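Here's the structure we're looking at; comments come further down.
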Amino acid sequence: MTTPVVPQKKSRGNDTFPVSDLVPDKALIMSGFGINSEMETQEALLRAGMGSDIVHINDLIDGRTELGQYRLLVFPGGFSYGDDTGAGNAFANRVRNNIWEDVEEFLAGDNLVLGICNGFQILANLGLVPAFGGRFTRDIALVPNRKGVLECRFVTLKPAADNLWTKGIERLFCPVAHGEGNFSCSPDTFSRLGEQEMIAFTYCRDDLSPANGEYPCNPNGSTGDIAGITSEDGKVLGIMPHPERAMEFVNLYDWPLRKEQMKRNKVPIPIESLNMQLFRNIADYFR
Amino acid sequence: MASCVHRIEVRYRNDPRKKTRTDRVRSLGFPIDELQLIDVYTITTGTRIFSAAELDQIGSQLVNPVVQEYSPDVPFLADFDHAIEVGFLPGVTDNVGSTARQTIGDFFPGVEGVAVYSSQLFFVCGKLSRELLRELVSNLANPLVNRVHVKTRLEYGTSGMDREVPRVRLHELPTAGVVDLNLDDRELSRIGKEGIEDQTTHQRRGPLALDLGQLHAIRNYFGKKGRNPTDVELESLAQTWSEHCKHTIFASAMDDDLPDGLYKTYIQAATNAIRKEKGEKDICLTVFTDNSGAIIFDDHYLVTHKVETHNSPSALDPFGGALTGIVGVNRDTIGFGLGAKPCINVYGYCVGDPESDPVLFRGRHKTNQILSPRRILDGVVHGVGVGGNCSGIPTPQGWVYFNDRYVGKPLVFAGTVGIMPREIAGRKLYEKKAEPGDLIVVAGGRVGKDGIHGATFSSEALDPGSPVTAVQIGDPITQKKLSDVIVKEARDLGLYRSITDNGAGGISCSVAEMAKECNGCRVTLDLVPLKYPGMAPWEIWISESQERMTLAIPPEKIDAFMDLVGRREVEATVIGEFSDSGRCIVGFHGDVVMDIELAFLHDGAPKKHLTTRYTKTVYPEPVSSCPDCLGATLLAMLKRKNICSKEFISVQYDHTVQGGHVLGPVQGRGRVQAMATLTKVVPGSDKGVGLSQGMFPSYSEIDPYRMAAAGIDTAIRGLIALGIPLEAIALLDNFCWCSSDDPDRLGQLKRAAKGCYDTATAFKTPFISGKDSMYNDFSGYDADNHPVKVSVPPTLLISSIGVHDDVTKSVSIDAKIEGDLVYVVGTTQEELGGSEYFAYLGGVGNVVPDLDPALVMARYQRVTDAIRRDLVASACPVTIGGLGVTLSRVAIAGHLGMALLIHTRLRLDYFLFSESLGRFVVTVSPDNQEAFEQVLDDDAVLLGRVTGNQLRISAGDIRIEIPVSELENAYKAPFKEY
């Protein structure tokens, strides 16, 4: 039941939350057309030590902002184009039809790409994950949840691979909020993802045993309980749940109970949640 | 032309939703084997056809090839019995179609005039009778917004469905007409009731809702000018003077004792008195005057709140009505001050029992049947969800209330909390003023015939080529783009001086309202961007097309503003100029079609004097003895639809976006729905916004005064239980009344309003915003053609908002740890009039819970102190269903049992289910017993302990023992399959 949380001390004057020293490199957080989680994503990266600019995709298309100035490209959560023509599909078309060369060039460099929820759906439609052999074809799909409606609830995730994104993470405990997060791919692709350790996170039970496809621990029916995968070269991560929405202890679903337990056990109440480790790993990559 | 129409069909090779979809339709009583779904894109171009290769390129962008396939210009073939295609009627917003059009436009920038229309094609496998098929169609489509085409497998053949293009065709000549008001009173009132007669078709345009007195005032005004009004002027006056905009019932003098009317005497005066008394501790910043009310959040930020209703549209088109309700109230946030950011949505639905199927018709001879309560519930739940989810606004807070008197007219409450800095660079963002010479700019969606005379409905007026006028479908993404560019960019660049939302009455109301800030305006209707040509000037002026804001932009800022919004693909157009002429002047095709003094437009309506009457109704008291098996009664109470879990709504509403989730809609290991939620709205701040509400329609007919007091107490108590102190709480009122021309209904209204005044001033909790909807009546026919009127019970929703100083000290509702002590705070009286328990017994009763504000205020202060000192492990307000239900909820939420000993003089069932106000169930660590009891004093009564996995209650020789799992099953059973 208990999710471990890293206790943190308050610091920096009025600011409640510790902010690590900023790395010199910056992130570009994509916005526009219904993307909606750009601000909390920016906040999470900042607390982890990485500054960012929120950039409307049209400013990239117009050339007002150069993707090349950045080291991390984030497609945050949201409902781009209202999920019309398939979640993430219309935004992916917008990217592919307008700024594809910039994105390819960015991927060729020593840079990272993160897609959360709708961002993962965009990555899947762009073929940035799994990108076997460096080819950007669509090999996976995030199809409508098995229950057929949007599902918003906290889920427990377990890292299924050891990579730059999952370093030091035992578990994540954060919300899903999507209507189309049901991970689908061919059996061939599925075994390749496993063999090449590209499955980054899986849905699991409180005790970290596999969800085995069972609702609600696996909230959408995803094949192999897959919640997030990386690209073959490991530089792109797509993940359905939202660690940026539960940065703090008080954001966690079960914090009131755990606070009571900690109080009685005379354990200090933490401020930050374990989910921040994902963002610290990203910032650390650029240290 | 036909050769320029393409049709691309898209389907999943293995549809993951098929089972759910099929099961759902089967659960509605259709014996089908399978329901397959195909998405259809009908593509037209103005110039040339697409080649097969180009269609492949388009098709591949409309699918994910891993799981989907497409078929251009060739229908999918399959085994089925019937094919049902559901598209939109001409002119109805088609979001999927417009997204597909942008994708195709990006890929083929050279091809002109591309239009895309989306539709859904259902393959029904299973033998259905003609009657059942018709019913299935009416479940899949709403005739108000959808076009439907049905084929049998034989008719479908190999050529599939027809290529239908729902283009809008208009025949009217767009000119302004003059309306002769020099008529006898009978003809004059016909204009008021049925609308202006169209000069070409001789049809009436739909009600103006102007009464004879108002029409006389208009005739006199124009008589002095020596002319008749134009249709634009008359329609505009009707909008501005409508109950919806001017709240005439709340504004009118009432009886001999309320010369200033209900609003000024009971609502505004309460707030004024409280603010004055609180002095420096006043939490209000803007009350009643702006689109939302605002209170102080901290030194830097303010929070706004506004709750609206969208009842009539939701009766006709539940999905569209609820969706436009929520995105509409989002605009009341964006249109507050210079633009607040929507940060929390709230909802509330009053509907009929979804398991009932009342047979009622709007028309005679079984025409125009009302939608079933189940369809209305499904539609409104979905509509508000789509609105919030697509806009990235969390929707943690809400409720559903069932009563058969809502079958004809459901009530759909939608509210939004906004967050905004109080100042940027010395500019107070909560103040705004248009200046003469500022340009009038409309930004957002285009104007169509949607929502003209929004509340009116006439099936005869709908022919296949005519656009839908009664209802709108919202487009959250268009509004999201608009909202983002306003509150995240343009506001902080100082590009405009004033802003307001376009809601009821469209630009006729928004422009005229802003014109008050500078005393005049001039608008050229030819400049207003339209969805399609051929609209008459009066239609452009009053259309309620969605997703539009009106701004006042100084001429020197217009280029920067236009450049910015252009880059965000938000359409904005200058349609005129603010002035100080004292007039509202509107031009069209070079003619002046409206020229009215603002003073007359806003204040020219004749004052009314309403008379009221109040007769107390006495209901028989239910005759029963205390049930032998109270455990079974408790389980039955937990299964009551007004008490049981509606978690299926909470989980389909994103309540975590924006990252501020603290105490959400469901709490504890047992996932019980809470009455109040707490959300962080400023990153890095320890503060949070608490929201709750209270509403007791079942008390209204018995005692409207106590009903209002109960609503206020419950709304406040929800926040007290989170740990928010009384002095940090503000209120909103939403009166949804019925038959408001009936003196008896007005008598109830007057008593309820007096209850609001007395209770709010006693608690010193100010009203910051309110809205009323006075005619929630359904008039129609039963299957035998007998006239039927169904009126909602007088319904008052009190919403509460409060700022929590330190969310880490907030308290959830679930019992937490074995061995904790269980207290009830507050006293239980025999107050079961209008209670859910009496409803369960089939009665009403007369003793509605009474409130002693002075007594409970002291108690609330103690509860606040105890929470602040970290002495409380859980706190849950006792509301509908009483103590028995609340104890069960606390136990279920914690997945923990309780052993309780009750001493009471009341009959035990009355003790367990009385709805006495001012009470909480609280659990406390044994370590804190002494300190807690010291703080709470006599207010807290120790009932027992949290222990084991059963709820055990002993009272005298009565014992109740139920496993918590059984309580949980009962609590969650009714909506398990939703």
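With the structure loaded, tell me whether residue B:730 is at pLDDT 95 or above and assigned to a helix (DSSP H, G or I) or whether it fails that test.
no
Mind listing whichever residues of region A:239-267 are facing chain B (nearest Cβ under 9 Å), in contact with a helix residue (DSSP H, G or I) (Cβ under 6 Å, 6 or more places away or on another chain) and either under 18 Å from residue B:895 (Cα atoms) or part of a helix (DSSP H, G or I) (or both)?
A:244, A:245, A:249, A:250, A:255
If you go through region B:941-978, how many residues are over 23 Å from residue B:907 (Cβ atoms) and either part of a helix (DSSP H, G or I) or open to solvent by less than 50 Å² (accessible area, probe 1.4 Å) (or both)?
14
How many residues does region A:135-145 hold that are open to solvent by 30 Å² or more (accessible area, probe 1.4 Å) and touching a Lys or Arg at 6+ places or on another chain (Cβ under 8 Å)?
0
What number of residues within region B:400-424 satisfy the criterion of being over 19 Å from residue B:315 (Cβ atoms) and assigned to a strand (DSSP E or B)?
Here the count works out to 9.
Are there any pairs, at least 6 apart or on different chains, whose C-beta atoms fall under 6 Å, with the first in region B:366-377 and of a type outside the set (Lys, Arg) and the second crowded, with 21+ Cβ neighbours inside 10 Å and modelled with pLDDT of 85 or more, and if so, which?
Here the result reads B:373/B:351; B:373/B:352; B:373/B:407; B:376/B:318; B:376/B:351; B:376/B:410; B:377/B:351, each pair linking region B:366-377 to a residue that is crowded, with 21+ Cβ neighbours inside 10 Å and modelled with pLDDT of 85 or more.
Scan the strands (runs of 3 or more DSSP E) fully inside region B:564-670 and keep the ones with 3 or more residues being open to solvent by less than 40 Å² (accessible area, probe 1.4 Å) and within 14 Å of another protein chain (Cβ to nearest Cβ).
Once the strands (runs of 3 or more DSSP E) in region B:564-670 are filtered for at least 3 residues that are open to solvent by less than 40 Å² (accessible area, probe 1.4 Å) and within 14 Å of another protein chain (Cβ to nearest Cβ), what remains is B:661-663.
Residues of region B:209-244 being at pLDDT below 90 and either open to solvent by 50 Å² or more (accessible area, probe 1.4 Å) or over 23 Å from residue B:523 (Cα atoms) (or both), which ones?
Hits for region B:209-244 are B:209, B:210, B:211, B:243, B:244.
Being in contact (Cβ under 8 Å) with a residue 40 or more places away in the chain, surrounded by fewer than 19 Cβ atoms within 10 Å (Cβ to Cβ) and closer than 18 Å to residue B:82 by Cβ is the filter here, so list the residues in region B:1-28 that pass it.
Residue satisfying the conditions is B:28 alone.
If we keep just the residues of region B:671-708 that are among the small types (Gly, Ala, Ser) and within 8 Å of chain A (Cβ to nearest Cβ), which is surrounded by the fewest Cβ atoms within 10 Å (Cβ to Cβ)?
So the residue we want is B:684.
Going by the structure shown, is residue A:168 more than 14 Å from chain B (Cβ to nearest Cβ) and in a strand (DSSP E or B)?
no
Check off (1) on the phi > 0 side of the Ramachandran plot; (2) modelled with pLDDT under 90 for residue B:157 and give me the number that stays unchecked.
Just one mismatch for residue B:157, condition (2).
State whether one or more residues within region B:190-197 are outside the structural domain of residue B:89 (by TED's automatic domain parsing), in contact (Cβ under 8 Å) with a residue 60 or more places away in the chain and aliphatic (A, V, I, L, M).
Within region B:190-197, not a single residue is outside the structural domain of residue B:89 (by TED's automatic domain parsing), in contact (Cβ under 8 Å) with a residue 60 or more places away in the chain and aliphatic (A, V, I, L, M).
I want to confirm something. Restricting to region B:446-491 and keeping residues that are modelled with pLDDT under 85 and within 14 Å of another protein chain (Cβ to nearest Cβ), which single residue is least open to solvent (accessible area, probe 1.4 Å)?
Top of the filtered list is B:474.
Quick one: in region B:358-370, which of the residues that are modelled with pLDDT under 90 and outside any strand (DSSP E or B) is surrounded by the most Cβ atoms within 10 Å (Cβ to Cβ)? Break it down stepwise before answering.
Taking region B:358-370 as the starting set, the residues that turn out to be modelled with pLDDT under 90 are B:362-370.
The next check asks that each one be outside any strand (DSSP E or B); those that pass are B:364-366, B:370.
Values: B:364: 11, B:365: 9, B:366: 13, B:370: 22.
Filtering region B:358-370 for residues that are modelled with pLDDT under 90 and outside any strand (DSSP E or B), the one surrounded by the most Cβ atoms within 10 Å (Cβ to Cβ) comes out as B:370.
Read through the list (1) closer than 23 Å to residue A:80 by Cβ; (2) facing chain B (nearest Cβ under 8 Å); (3) buried (at least 24 other Cβ atoms within 10 Å of the Cβ), then give the number of the only condition that residue A:149 fails.
Unmet condition: (3).
Okay, residues lined up against (1) more than 21 Å from residue B:541 (Cβ to Cβ); (2) out of contact with any His (no Cβ under 9 Å at 6 or more places or on another chain); (3) free of Cβ contacts under 8 Å to residues at least 40 places away in the same chain:
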| residue | (1), (2), (3) |
| --- | --- |
| B:220 | yes, yes, yes |
| B:232 | no, yes, no |
| B:243 | no, yes, no |
| B:250 | yes, yes, no |
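Is there a residue being hydrophobic (A, V, I, L, M, F, W, C), assigned to a strand (DSSP E or B) and surrounded by 22 or more Cβ atoms within 10 Å (Cβ to Cβ) anywhere in region B:901-914?
no
On the given criteria, is residue B:100 farther than 24 Å from residue B:530 by Cβ and either touching a Phe, Trp or Tyr at 6+ places or on another chain (Cβ under 6 Å) or in contact (Cβ under 8 Å) with a residue 60 or more places away in the chain (or both)?
no
So, in region B:528-563, of the ones that are hydroxyl-bearing (Ser, Thr, Tyr) and in a loop (DSSP other than H, G, I, E, B), which residue ends up most open to solvent (accessible area, probe 1.4 Å)?
Filtering region B:528-563 for residues that are hydroxyl-bearing (Ser, Thr, Tyr) and in a loop (DSSP other than H, G, I, E, B), the one most open to solvent (accessible area, probe 1.4 Å) comes out as B:532.
When you check residue A:109 against the structure, is it more than 12 Å from chain B (Cβ to nearest Cβ) and open to solvent by 10 Å² or more (accessible area, probe 1.4 Å), yes or no?
yes
For region A:36-83, what are the residues that are part of a loop (DSSP other than H, G, I, E, B), touching a Ser or Thr at 6+ places or on another chain (Cβ under 7 Å) and more than 8 Å from chain B (Cβ to nearest Cβ)?
A:49, A:76
Quickly run through region A:130-146 and pick out the residues that are in contact (Cβ under 8 Å) with a residue 12 or more places away in the chain and within 12 Å of another protein chain (Cβ to nearest Cβ).
Answer for region A:130-146, where residues must be in contact (Cβ under 8 Å) with a residue 12 or more places away in the chain and within 12 Å of another protein chain (Cβ to nearest Cβ): A:130, A:138, A:139, A:140, A:141, A:142, A:143, A:144, A:145, A:146.
As an exercise: evaluate residue A:284 against (1) surrounded by 18 or more Cβ atoms within 10 Å (Cβ to Cβ); (2) more than 12 Å from every other protein chain (Cβ to nearest Cβ) and give the number of the one condition it does not meet.
(1)
Please list, ordered by residue number, the strands (runs of 3 or more DSSP E) wholly in region B:32-142 having 3 or more residues that are open to solvent by less than 10 Å² (accessible area, probe 1.4 Å) and within 14 Å of chain A (Cβ to nearest Cβ). Break it down into steps so the answer makes sense when it comes.
Details: elements: B:34-44, B:68-72, B:82-88, B:115-125.
Where strands (runs of 3 or more DSSP E) fall fully within region B:32-142 and carry at least 3 residues being open to solvent by less than 10 Å² (accessible area, probe 1.4 Å) and within 14 Å of chain A (Cβ to nearest Cβ), they are B:34-44.
Return the residues of region A:50-80 that are hydroxyl-bearing (Ser, Thr, Tyr) and closer than 24 Å to residue A:243 by Cβ; say none if nothing qualifies. Before the answer, list the steps.
Start the filter on region A:50-80 by keeping residues that are hydroxyl-bearing (Ser, Thr, Tyr), which leaves A:52, A:65, A:70, A:80.
A:52, A:70, A:80 - these are the residues of region A:50-80 that are hydroxyl-bearing (Ser, Thr, Tyr) and closer than 24 Å to residue A:243 by Cβ.
Is it the case, given these coordinates, that residue B:337 is under 30 Å from residue B:424 (Cβ atoms), more than 14 Å from chain A (Cβ to nearest Cβ) and touching a residue at least 12 places away in the same chain (Cβ under 8 Å)?
So residue B:337 passes the test.
The values are calculated or read from the model by the stated rules, or taken from the named source; none is laboratory data. Predicted model only: the values in this text are computed from it and were never measured. Reconstructed Cβ throughout: ideal geometry from the backbone, glycine too, with neighbour counts over all protein chains shown. In case anyone asks, the SASA skips ligands and DNA or RNA and just uses the protein heavy atoms, side chains included. Shrake-Rupley method; radii C 1.70, N 1.55, O 1.52, S 1.80 Å.
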